[in-house]
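Accompanying notes for the structure given below.
The values are calculated or read from the model by the stated rules, or taken from the named source; none is laboratory data. Bear in mind that the values here come from a model prediction, so they are computed numbers and not experimental data. FYI the Cβ positions are ideal-geometry reconstructions off the backbone, even for glycines, and counts take in every protein chain you see. Heavy atoms of the whole protein, side chains included, go into the accessibility calculation; ligands, DNA and RNA do not. Shrake-Rupley method; radii C 1.70, N 1.55, O 1.52, S 1.80 Å.
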Amino acid sequence: MQSIINSFITAMAMYSKIPMPEVAQNRENTKYTLCFIPVPGLIIGVLLYFWSRICTECGFGQVCFALVGTVIPVIVTGGVHIEGFLHTVGALQPHDRKDCYAKKERKLESLKDAHADAFSVIAAICFLMLYAAGLTLIWKENQLFLLGLGFVISRILSGMGMVWFPAAREDAVSHQFSSERHRRTLRAVLVTLLALSFVSALFIQPVIGAVMALAALWVWTYYYYMSKGRFGGVTDELTGYFLCLCELSSVLTIGMIGRVM
């Protein structure tokens, strides 16, 4: 039981900026960390729901909800996923024809570059603007519930990528998997959570929930082939890139389809 509690604390400390007690970073205390990876997403969803209710009751307007709502995930996570998005966009962008065929090792090195180029900054601005635009279309209660599930689903899929997809390099996450039996346990937990999330989305709103689930799986499939083909596997930065795209697909799907239904 203590291992599970410490894994929860470690997951919250790794994937959010919510203050947590310190625990020793050893294999036993991080054994089940990925089982709790959806929790920060659930917290973001709850915060957005209550912020929407506040905006409705106080008459702040949908634009205020959307702009502050765009910042809420950044505050909860510390912006680590947007940082990964910036680095990945920079690494994917060829600077000349020869760079289109750059070796995977060179691309992996560029992921660690602390400096974001102009194209990465432009891409991040476009991402945030599209995200805010999607939020301006979301105000119904069932849409807000789906939005919260979108944050959960994106994190479950990111965890599944860590235990299913090949790793490009030995990072902190890869050391958590002590054995193949451990991987199977994590896979079973994450698949169960994903199935429950998809069923919940279909129960809340069948059409929008189904399209949102399919969009998330499409982004996950793209993430697999892109990371394997361009970088040789997944990394922390690529995970952040995937989370941004997956959450953007959920926001736009819920907002746009909900608008016409």
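Of the residues making up the stretch 199-220, just one is within 24 Å of residue 120 (Cβ to Cβ) and open to solvent by 60 Å² or more (accessible area, probe 1.4 Å), namely 218. Does the stretch 223-244 contain at least one residue that is in contact (Cβ under 8 Å) with a residue 12 or more places away in the chain, more than 20 Å from residue 167 (Cα to Cα), in contact with a helix residue (DSSP H, G or I) (Cβ under 6 Å, 6 or more places away or on another chain) and among the hydrophobic types (A, V, I, L, M, F, W, C)? Within the stretch 223-244, not a single residue is in contact (Cβ under 8 Å) with a residue 12 or more places away in the chain, more than 20 Å from residue 167 (Cα to Cα), in contact with a helix residue (DSSP H, G or I) (Cβ under 6 Å, 6 or more places away or on another chain) and among the hydrophobic types (A, V, I, L, M, F, W, C). The single condition among (1) open to solvent by 30 Å² or more (accessible area, probe 1.4 Å); (2) modelled with pLDDT of 90 or more; (3) among the charged types (D, E, K, R); (4) under 18 Å from the mean Cα position of the chain (by Cα) that residue 141 does not satisfy is (4). Only residues that are among the β-branched types (Val, Ile, Thr) and more than 21 Å from the chain's Cα centre (by Cα): list them for the stretch 57-84, please. Answer for the stretch 57-84, where residues must be among the β-branched types (Val, Ile, Thr) and more than 21 Å from the chain's Cα centre (by Cα): just 63. Residue pairs whose Cβ atoms lie under 6 Å apart, sitting 6 or more positions apart in sequence or on different chains, and linking a residue in the stretch 8-36 that is within 15 Å of residue 159 (Cα to Cα) to a partner that is open to solvent by 60 Å² or more (accessible area, probe 1.4 Å) and aromatic (Phe, Trp, Tyr), are 36/8. Of the residues making up the stretch 221-236, those that are assigned to a helix (DSSP H, G or I) and open to solvent by less than 20 Å² (accessible area, probe 1.4 Å) number 4. Taken as a whole, the condition of being more than 24 Å from residue 244 (Cβ to Cβ) and either open to solvent by less than 60 Å² (accessible area, probe 1.4 Å) or over 19 Å from the mean Cα position of the chain (by Cα) (or both) applies to residue 184.
So that you can scan it fast, the table gives a plain yes or no per residue for (1) aliphatic (A, V, I, L, M); (2) open to solvent by less than 10 Å² (accessible area, probe 1.4 Å); (3) modelled with pLDDT of 95 or more:
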site: 133; (1), (2), (3): yes, no, yes
site: 146; (1), (2), (3): yes, yes, yes
site: 150; (1), (2), (3): no, yes, yes
site: 156; (1), (2), (3): yes, yes, yes
site: 159; (1), (2), (3): no, yes, no
site: 168; (1), (2), (3): yes, no, no
